[in-house]
Amino acid sequence: VTGVGEIAGGILRNLAVTGVLKVTPQLITGENLRLSSDKLTSKITLLVDLANGRYDIALAGQLGRYFIPGLGIADVKSTLKIVPGPNGIGTRIIGRGEVWVRRLDNSFLASLTNGLPYIETGLVRGGDGIIRFTNLRLRSPGLQLVGNGYQRRNGTVFFEGSGRQARYGPVRLRLDGRIDRPKVDLVLARPMDSLGLRNVSASLVPTASGFTWAARGISTLGPFSGNGAILLPRNGNAVIQIAALD
């Protein structure tokens, strides 16, 4: 299987499909075909119209203990339909996906989720190769989010959503870039009542050692702004450096 990228190519290595195809002069149909590969188990139902070339393929598959670079190890379940694109050009994939994270390697996300997250989302991939996540919902002990986003052809992601973080309260979040070190924009409505903090916005820009940060908002003492760095040493605790606080 070629032309699907390194990640998908690895999933589909040693691909096998078994089952029965029914062929007539008009149609090719298959029910509950069994697909397997090095990492994927799935059932497939397909219909191919030999007269006009129209096809409709439905898949229900699972990836067990799958390593997602920049995130960790997860169990993935998806139901997808593959159909021709608009005007019969290209291929369109639509469906839903569920992710149960079993090991979270992303230290930034771990600091927000306070535990292993569960993610469910609608999925759409068009002829442009961009995967769009619709009505994505993340649930974890420390963070609840709802939003939308997409993954570009180069593997970078964009996500924008809102929800609630257990320690900091209502939050709006935007991620853009590599999933292991994205650019992050946060807006916290009331992150700490004891200091009178409200309408706090923070921007985190990835660096080789972690992030630089800049923040502004309102406090008991009035408006404030600050900047510094967040250091994320491998196998160590995160360190917040404050370069200025005005």
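The values are calculated or read from the model by the stated rules, or taken from the named source; none is laboratory data. Since we're looking at a predicted model, the values are computed, not measured. Please note: Cβ atoms are built from the backbone with ideal geometry, for glycine as well, and neighbour counts cover all protein chains shown. Surface accessibility is based on the protein's heavy atoms, side chains included, excluding ligands, DNA and RNA. Shrake-Rupley method; radii C 1.70, N 1.55, O 1.52, S 1.80 Å.
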Filtering segment 67-95 down to residues that are in contact (Cβ under 8 Å) with a residue 40 or more places away in the chain, in a strand (DSSP E or B) and open to solvent by less than 40 Å² (accessible area, probe 1.4 Å) yields 78
Among the residues of segment 64-98 satisfying the criterion of being out of contact with any Pro (no Cβ under 9 Å at 6 or more places or on another chain) and among the basic types (Lys, Arg), which is farthest from residue 51 (Cα to Cα)? 65
Does segment 96-111 contain any residue that is under 11 Å from the mean Cα position of the chain (by Cα), surrounded by 14 or more Cβ atoms within 10 Å (Cβ to Cβ) and small (Gly, Ala, Ser)? yes
Filtered residues of segment 156-172 (kept if under 16 Å from residue 134 (Cα atoms) and either modelled with pLDDT of 95 or more or hydroxyl-bearing (Ser, Thr, Tyr) (or both)): 158, 159, 160, 161, 162, 163
Conditions (1) of a type outside the set (Ser, Thr, Tyr); (2) outside any strand (DSSP E or B); (3) open to solvent by less than 60 Å² (accessible area, probe 1.4 Å) -> residue 127 fails only (3)
Going through 216, 234, 198 one at a time, which residue ends up being without any contact (Cβ under 8 Å) to a residue 40 or more places away in the chain, among the charged types (D, E, K, R), within 21 Å of residue 142 (Cβ to Cβ) and open to solvent by 90 Å² or more (accessible area, probe 1.4 Å)? 198
Tell me, please, whether a residue that is more than 30 Å from residue 210 (Cβ to Cβ) and of a type in the set (A, V, I, L, M, F, W, C) can be found in segment 68-81. yes
What do you reckon, is residue 157 open to solvent by 20 Å² or more (accessible area, probe 1.4 Å), of a type in the set (Val, Ile, Thr) and touching a Ser or Thr at 6+ places or on another chain (Cβ under 7 Å)? no
Could you please let me know if residue 138 is more than 21 Å from residue 65 (Cα to Cα) and modelled with pLDDT of 95 or more? no
Are there any pairs, at least 6 apart or on different chains, whose C-beta atoms fall under 7 Å, with the first in segment 24-40 and more than 30 Å from residue 74 (Cβ to Cβ) and the second assigned to a strand (DSSP E or B) and open to solvent by 50 Å² or more (accessible area, probe 1.4 Å), and if so, which? 27/47; 28/21; 29/22; 29/47
Selected residue (only one of 58, 110, 74 is over 21 Å from residue 131 (Cα atoms) and not hydroxyl-bearing (Ser, Thr, Tyr)): 110
